[in-house]
């Protein structure tokens, strides 16, 4: 047994060798190459995710609470993995592609948006979307069918519970986040901010709480916005415009209307017709249908602007409305003759300015500008008018409403084109480009005692069933004195008595001014197609009561339209609705 | 000879390793369960693995005590029967696996263990095979040496038959190269220490290499395992190395293991040493290596100091058993040799492997009470330094 000793020694040597080899390998891997393996591990295990912010929802006001305008709906996109299905067909529960197709057609039917030939055509493709915006019930049926190689992922889409109501105002965003209306203009506020999650994950990409690489920036959900737009008023105005256009037998190309509260600047309705369904906006071929013309499409509003001219002169102490001038039906400014509108021939003679406004005589408002200039249309008269219109009433500049809007244009007297002829035209609302919103906001200050409020469509935010009201903004500036404003209200009520006043609900005070504008066709004014407008207010029949609402209507004609004939009935219908809706006491 | 105190260090190391394994299984069991559930749709609870492991360790300690208490002579007497019984069970596992009757667990076509559903315990007959070969192999060498037949036909025929049967039943039928290598190691070490002439030993080694090469070539998954290792494109090894590497010097700390969340395959069983490396770093993994080394060293010391040759060789075979598991497991996990899919004794989760290894160590502890080195309380003078002289060649047990 003497050789047993060294044989044991060999085993011990083997053991020692194993220990040395293992310890040195551990040392190399764990100490020397530690950094390398940490990098390798992080590249494999640390994942970065975007935490999606929930897009804010949009609500109408409705007098008492809120009415949903734009909501999020969970939907699903169904996709197939042709590569997987073709490769594994027949094994472990994978059906053949024909069978898969048959089942999907059975469940999805019309919702399938692809050609099956394209789906199976490319064997390498691993992801083909076959239906989008699939509802829960249908997607549950797909889940039930347990088709391997068919996937579904949750997405969200915007739905408009009120249908087309306020379509141009609400708007939409496309896949790139570019859009129109509230959706487009308030996109940033509605989107919120996506968060970020950097985390160590397990092999199935499920985040783990261990490790020191984890960073989480939570998503900030978008604001749920409550609009000042009143669902009831908006719905009603939409309906009125629709009936007006469809009932005109093609005479009216398009109609727009605006209702706002003159003492706050809150917009209650912004309506346009023809309209579209924002849930399926891509079905429209003409992009003009998306435009909220109330704020985005300037036009020459014509005579509805005359009250501005009168108010300037009265406020400057240059006009006594009861003073008279001689109306010959035409007045000459520089080398141009300015005529009154058709159908006013009977008004020739000496006439008070008050009456000139009632009959909407262009000569009267040109005469008023002359009065401002002390007898002629001087530069100082033009500057005075420009300062009032542009700087005080805010015409020809953005109102600052929380929507996309156009600037419009008023030419300054400093400009060569801002000559006497142009300014004579501007006294009756031609020769300048204004949006309805600008005109209505300026007009609100004209009849509310002279306070200009910036128009707004945002009433606040909506969280947990409660409205968090936005701060009520005070007037930004004084436009005219309260006395001038009171005088203007009186004059406009007189105008109303000549223009459909008999149709007002009894016991209220309603004022209005109409306008009929020739339109530009290929750079030349044509009187074959006109735009008809009406701009007015209504309120209680008390001297101390300010008007409660301002309504502006614009009709674009395919033929000759008249403010007094075509726009007034629309105004009346909306105005009477408002008188009732605001629950005012008739007197 | 009188019995004296057994080697407490062996028991201590075994219990330390088991305790470490329990802590690791507790720490990662939940994460492994979640990853497993997500990947396979099973429904393991977070504590499933831990409680099963507690039970397995309880049974292993019972097995260790049994190995210590059950008279070694009794077991040695029935070693031959035990071997045949194990061989029949090995065959049965293969047949039942092929017939697909259920009572057998198969993994990628390799059926290695019975599964008793009611108590949800698996049993791999190859473990019984290891015990019986340790017992019968050591008996065979001792008895042939006594009769002077060591190295003759009457030794080689039964010895080689035993191995050939193992190679066929375990290596070929169960496709278990790892266990075949373990048994080969046990038999080689016993033959080596048992005093087989060097020339014969060399020939046997040569034959073994040829058979081994044949087995590797005939089983596709083993070829893949080899080529996979050679090309460095082995997911398992890569993730094992990432475990060790990210552990660094001190480790990521208990409960912070990320690799166990599904990246590292077999985190609880074969790869548990990698998780130890990740959790406690170089310090922890190094201490475990040292723990295992102490255990192995103490076993071989018992072998060396035991006069009775069969008990001594039994210790040698247990040494070979454990060290071959350690070499193949840790060597594989560290990327030194190809992965074998073999457990790490006393550390890997559950199963019969730990119970049988514990039983074997229990037998070594029993034998350690009969060494001549430490019986200094005998009234004879100290026998320090007299190893291998006074009782040399004796097979007598008192």
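The values are calculated or read from the model by the stated rules, or taken from the named source; none is laboratory data. The shown structure was predicted, so the numbers you read here are calculated from the model rather than taken from an experiment. Cβ placement follows ideal geometry from the backbone for every residue including glycine, while neighbour counts extend to all protein chains displayed.
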| message | Would you confirm, using the coordinates I've provided, whether residue B:293 is modelled with pLDDT of 95 or more, under 16 Å from the mean Cα position of the chain (by Cα), within 11 Å of chain A (Cβ to nearest Cβ) and over 26 Å from residue B:70 (Cβ atoms)? | response | yes
| Just checking, which of A:495, A:512 is in a strand (DSSP E or B) and in contact with a helix residue (DSSP H, G or I) (Cβ under 7 Å, 6 or more places away or on another chain)? | A:512
| field | Filter result for residue B:35 (on the phi < 0 side of the Ramachandran plot, under 18 Å from the mean Cα position of the chain (by Cα), in contact (Cβ under 8 Å) with a residue 60 or more places away in the chain and in a helix (DSSP H, G or I)) | value | no
| query | Of everything in segment B:31-72 that's touching a helix residue (DSSP H, G or I) at 6+ places or on another chain (Cβ under 7 Å) and within 13 Å of chain A (Cβ to nearest Cβ), which residue is surrounded by the fewest Cβ atoms within 10 Å (Cβ to Cβ)? | reply | B:33
| said: From the list A:78, A:105, A:29, A:18, exactly one residue is buried (at least 18 other Cβ atoms within 10 Å of the Cβ) and away from chain B (no Cβ under 14 Å). Which is it? | reply: A:78
| request: Take residue A:79 and decide whether it is part of a strand (DSSP E or B), under 30 Å from residue A:461 (Cβ atoms) and within 45 Å of the chain's Cα centre (by Cα). | output: no
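To keep it simple, each residue is scored yes or no on (1) part of a loop (DSSP other than H, G, I, E, B); (2) in contact with a strand residue (DSSP E or B) (Cβ under 6 Å, 6 or more places away or on another chain); (3) free of Cβ contacts under 8 Å to residues at least 12 places away in the same chain.
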position: A:412; (1), (2), (3): yes, no, no
position: A:417; (1), (2), (3): yes, no, yes
position: A:438; (1), (2), (3): no, no, no
position: A:445; (1), (2), (3): no, yes, no
| query | On the given criteria, is residue A:159 surrounded by fewer than 19 Cβ atoms within 10 Å (Cβ to Cβ), within 30 Å of residue A:276 (Cβ to Cβ) and either in contact with a helix residue (DSSP H, G or I) (Cβ under 9 Å, 6 or more places away or on another chain) or modelled with pLDDT under 85 (or both)? | reply | yes
| said: Return the residues of segment B:238-268 that are more than 7 Å from chain A (Cβ to nearest Cβ), within 14 Å of residue B:333 (Cβ to Cβ) and crowded, with 21+ Cβ neighbours inside 10 Å; say none if nothing qualifies. | reply: B:239, B:240, B:243, B:259, B:260, B:264, B:267, B:268
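The rows are residues; the columns are (1) assigned to a strand (DSSP E or B); (2) under 16 Å from residue A:101 (Cα atoms).
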{"site": "A:120", "(1), (2)": "no, yes"}
{"site": "A:123", "(1), (2)": "no, yes"}
{"site": "A:130", "(1), (2)": "yes, yes"}
{"site": "A:140", "(1), (2)": "no, no"}
{"site": "A:143", "(1), (2)": "no, yes"}
{"site": "A:148", "(1), (2)": "no, yes"}
{"site": "A:153", "(1), (2)": "yes, no"}
{"site": "A:156", "(1), (2)": "yes, no"}
{"site": "A:162", "(1), (2)": "no, no"}
| How many of the residues making up segment A:197-229 are surrounded by 15 or more Cβ atoms within 10 Å (Cβ to Cβ), more than 14 Å from every other protein chain (Cβ to nearest Cβ) and under 30 Å from residue B:29 (Cα atoms)? | 1
| said: Here is a check on your reading of the model: is residue B:93 assigned to a helix (DSSP H, G or I), away from chain A (no Cβ under 14 Å) and in contact with a strand residue (DSSP E or B) (Cβ under 8 Å, 6 or more places away or on another chain)? | reply: yes
| field | Unique residue being touching a residue at least 24 places away in the same chain (Cβ under 8 Å), farther than 15 Å from residue A:314 by Cβ and out of contact with any helix residue (DSSP H, G or I) (no Cβ under 8 Å at 6 or more places or on another chain) when the list is A:352, A:383, A:363 | value | A:383
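Checking the conditions here, which among B:283, B:288, B:275 is more than 23 Å from residue B:350 (Cβ to Cβ) and in a helix (DSSP H, G or I)?
One residue alone meets the criteria, B:283.
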